[in-house]
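Novice: Please find one structure pasted underneath; my questions will follow.
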Amino acid sequence: MRIATWNVNSVTARLGVVEQWLKVAAPDIVCLQELKCEDAKFPRQQIEDLGYNVQTHGQKTYNGVAILSKLPIDETLRGLPGGEGDEQARYIECVIGGPKPFRIASLYLPNGNPLGTEKFTYKLDWFGRLHAHAKELLKLEEPVILAGDYNVIPRPEDCQTPAAWANDALYQPESRAAWRTLLNLGFTDAYMALDGRPHQYTFWDYQAGAWPKNNGIRIDHMALSAQAAERLRTVAIDREPRGWEKPSDHTPLVGEFDF
DNA sequence: ATGTCCTACACCGTAGGA
């Protein structure tokens, strides 16, 4: 089973690119982030026509996450628990049915810039809520995949020029520690488990020729419970759609699982 | 670290987020 995560930077602006990629890459499950549209405006019919069940958690203009699945979706949770009054649509979790059921979340962690503002504390608070929820999920002793745009550069070698990121929320010690805390709870970084090479990126800024210069960062991740990690067979960053016309600034991360 | 892109709202430009 091929499982992908992809921040599409507006699903309506990106529809053609998304449809094309679904056709050529043929993933079974896709976690999308940054839909930038309300649920009623999600291009549901077009995605269903490609053979996917669709669950969305959207909002106008900002954020928005979805899970597409060729297998039946048995349960859906919208919103990360513990955020009373938090209106930002950044988390959706589904139980995927079939002979070997598993649980998967599509998450869009806050960017956190600029430093020294409530945006950065919101990022760390959101991470704290994710830790608490992830702990609960581990108690189920199920295969769990937490996939998405974490907005964290884990290592210096996950970017081209660490010094350029020194004052960025994506590379702060607190952000990187929060990512490690998630892993230390008992999750495996899928990319690090099977690859781990330096300078393999999932995001390149639209500006300043970042893509042609390969000035990217690795910020899209899959965190796997032990029961999911033991079924992971391959992991790959698919750079292809980043080079297409009107691309997202992110490219998909794809894991092959024995589900 | 800025050679951009996307959305909304309102008026065919600008602000705000990334």
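The values are calculated or read from the model by the stated rules, or taken from the named source; none is laboratory data. Treat the numbers as computed from the prediction; the structure is a model and nothing was measured. Counting neighbours? That spans all protein chains shown, and the Cβs are built from the backbone with ideal geometry, glycine included.
Novice: Under the condition of being buried (at least 22 other Cβ atoms within 10 Å of the Cβ) and over 20 Å from residue A:8 (Cβ atoms), which residue from segment A:82-113 is nearest to DNA strand B (Cβ to nearest atom)?
Specialist: Restricting to residues being buried (at least 22 other Cβ atoms within 10 Å of the Cβ) and over 20 Å from residue A:8 (Cβ atoms), the top hit is A:112.
Novice: Mind listing whichever residues of segment A:236-251 are among the aliphatic types (A, V, I, L, M) and either at pLDDT below 95 or farther than 24 Å from residue A:111 by Cβ (or both)?
Specialist: Listed by number, the list holds a single entry, A:236.
Novice: Filter the helices (runs of 4 or more DSSP H) completely within segment A:122-229 down to those with at least 1 residues that are of a type in the set (A, V, I, L, M), under 24 Å from residue A:34 (Cα atoms) and more than 14 Å from DNA strand B (Cβ to nearest atom).
Specialist: Filter on segment A:122-229 gives A:173-184, A:190-194.
Novice: Being under 17 Å from the mean Cα position of the chain (by Cα), closer than 19 Å to residue A:3 by Cα and free of Cβ contacts under 8 Å to residues at least 40 places away in the same chain is the requirement here; does residue A:91 meet it?
Specialist: yes
Novice: When only residues in segment A:193-203 that are farther than 17 Å from residue A:144 by Cβ and either surrounded by 14 or more Cβ atoms within 10 Å (Cβ to Cβ) or at pLDDT below 95 (or both) count, which is farthest from the chain's Cα centre (by Cα)?
Specialist: Step by step, filter segment A:193-203, then rank; the result is A:194.
This table checks each residue for (1) touching a His at 6+ places or on another chain (Cβ under 7 Å); (2) within 20 Å of residue A:16 (Cα to Cα); (3) among the aliphatic types (A, V, I, L, M).
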{"residue": "A:47", "(1), (2), (3)": "no, yes, yes"}
{"residue": "A:50", "(1), (2), (3)": "no, yes, yes"}
{"residue": "A:58", "(1), (2), (3)": "no, yes, no"}
{"residue": "A:61", "(1), (2), (3)": "no, yes, no"}
{"residue": "A:68", "(1), (2), (3)": "no, yes, yes"}
{"residue": "A:80", "(1), (2), (3)": "yes, no, yes"}
{"residue": "A:86", "(1), (2), (3)": "no, no, no"}
{"residue": "A:89", "(1), (2), (3)": "yes, no, yes"}
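Novice: Hey, residue A:39 hits all of (1) buried (at least 20 other Cβ atoms within 10 Å of the Cβ); (2) free of Cβ contacts under 8 Å to residues at least 24 places away in the same chain but one; which does it fall short on?
Specialist: Checking residue A:39 against (1) buried (at least 20 other Cβ atoms within 10 Å of the Cβ); (2) free of Cβ contacts under 8 Å to residues at least 24 places away in the same chain, the one that fails is (1).
Novice: Further, regarding this structure: From (1) surrounded by fewer than 22 Cβ atoms within 10 Å (Cβ to Cβ); (2) in contact (Cβ under 8 Å) with a residue 40 or more places away in the chain, pick out the condition that doesn't hold for residue A:151.
Specialist: In the conditions (1) surrounded by fewer than 22 Cβ atoms within 10 Å (Cβ to Cβ); (2) in contact (Cβ under 8 Å) with a residue 40 or more places away in the chain, residue A:151 misses (1) alone.
Novice: For segment A:239-259, enumerate the residues that are within 16 Å of DNA strand B (Cβ to nearest atom) and either more than 29 Å from residue A:138 (Cβ to Cβ) or surrounded by fewer than 20 Cβ atoms within 10 Å (Cβ to Cβ) (or both).
Specialist: A:241, A:242, A:243, A:244, A:245, A:246, A:247, A:248, A:249, A:251
Novice: Go over the candidates A:236, A:163 one by one and state the one that is surrounded by fewer than 21 Cβ atoms within 10 Å (Cβ to Cβ) and farther than 21 Å from residue A:17 by Cβ.
Specialist: Every option except A:163 fails the conditions.
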